[in-house]
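All remarks here apply to the structure that follows.
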Amino acid sequence: MTEETLAERDLEPYTTVLLHARVKDVPDTRHWLVLTGEDGQPRAVVPPDGLDGQRPEAELSALTDVLTGFVKAHPTTTVTHALNTGAFRTLDPDTPVILCDERGVVGVWAGFDLADAILRGPARGVGDTGLPGRIDVPVVTRLCRVCGSAMTFAEKPAGSVACTGRPPHDFGW
């Protein structure tokens with residue numbers, strides 16, 4: 001019995017664009033918008049229609065009021081393994097999961113299918129005692145609400161965490 005991977009879930013339409021692009025450079029604002037670095041890896045996410053009302057000349061990375069955090073996971077990670085990690089145990093059902101492999105973004109898991117999986121929780125079946133193949137631990141990436149710096153966590157911290165941004169302050173979750 002093989003278990004379903006994250007890539008086999010009901011994925012959402014998405015568009016990728018470089019982090020420092022402008023609103024006018026986005027081809028479709030009705031999809032999830034994944035802002036990437038030059039390496040193709042995600043840095044921030046904008047929900048569908050999140051750019052409505054924004055100035056066309058605005059740089060995407062400066063729109064901290066519409067940028068959202070996300071969980072980054074490998075597409076071959078099994079659903080059970082993902083749901084058992086710290087990143088998923090504290091995941092808000094509105095937070096998207098960005099599926100990335102070595103090349104970059106390959107999918108966005110969000111919406112009803114993700115919320116349903118989180119609310120139902122992980123299920124273990126016969127034959128699911130081993131984790132075959134590559135094991136990747138999903139991580140949470142959030143932007144500090146104080147300064148906009150991105151930080152990555154294995155799971156939501158229980159207490160305050162020092163932010164890497166300037167001036168020194170606690171990370172604004």
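Could you tell me how many of the residues in segment 48-67 are over 12 Å from His20 (Cα atoms), in contact (Cβ under 8 Å) with a residue 40 or more places away in the chain and crowded, with 19+ Cβ neighbours inside 10 Å? Residues meeting the conditions: 1. Scanning segment 34-46 for residues that are in contact (Cβ under 8 Å) with a residue 24 or more places away in the chain and crowded, with 17+ Cβ neighbours inside 10 Å yields Val34, Leu35, Thr36, Pro42, Arg43, Ala44, Val45. For beta carbons closer than 7 Å, sequence separation of 6+ or different chains, a first residue in segment 8-24 that is in contact (Cβ under 8 Å) with a residue 24 or more places away in the chain and within 16 Å of Glu59 (Cα to Cα) and a second that is open to solvent by 90 Å² or more (accessible area, probe 1.4 Å) and not aliphatic (A, V, I, L, M), the qualifying pairs are Arg22/Glu57; Val23/Arg55; Lys24/Glu57.
Take Leu18 and tell me if it is closer than 17 Å to Thr141 by Cβ and open to solvent by less than 10 Å² (accessible area, probe 1.4 Å). When the stated conditions are applied, Leu18 does not pass them.
Whether a residue is in contact with an Asp or Glu (Cβ under 9 Å, 6 or more places away or on another chain), modelled with pLDDT under 95, among the β-branched types (Val, Ile, Thr) and under 21 Å from Thr90 (Cα atoms) was assessed, and Thr5 does not pass this test. Checked across segment 29-51, the condition of being of a type outside the set (Asp, Glu), on the phi > 0 side of the Ramachandran plot and over 19 Å from the mean Cα position of the chain (by Cα) holds for no residue.
Based on what the data block shows, is Glu3 of a type outside the set (Gly, Ala, Ser), open to solvent by 50 Å² or more (accessible area, probe 1.4 Å), more than 28 Å from Cys147 (Cβ to Cβ) and not in a strand (DSSP E or B)? In short, yes. Might you let me know whether segment 91-108 holds any residue that is over 20 Å from Ala44 (Cα atoms), open to solvent by 40 Å² or more (accessible area, probe 1.4 Å), under 18 Å from the mean Cα position of the chain (by Cα) and at pLDDT 90 or above? No: segment 91-108 contains no residue that is over 20 Å from Ala44 (Cα atoms), open to solvent by 40 Å² or more (accessible area, probe 1.4 Å), under 18 Å from the mean Cα position of the chain (by Cα) and at pLDDT 90 or above.
The values are calculated or read from the model by the stated rules, or taken from the named source; none is laboratory data. Values in this document were obtained by computation on a predicted structure and should not be read as measured data. Don't worry about glycine lacking a Cβ; one is built from the backbone with ideal geometry, like all the others, and counts go over all protein chains shown. Heavy atoms of the whole protein, side chains included, go into the accessibility calculation; ligands, DNA and RNA do not. Shrake-Rupley method; radii C 1.70, N 1.55, O 1.52, S 1.80 Å.
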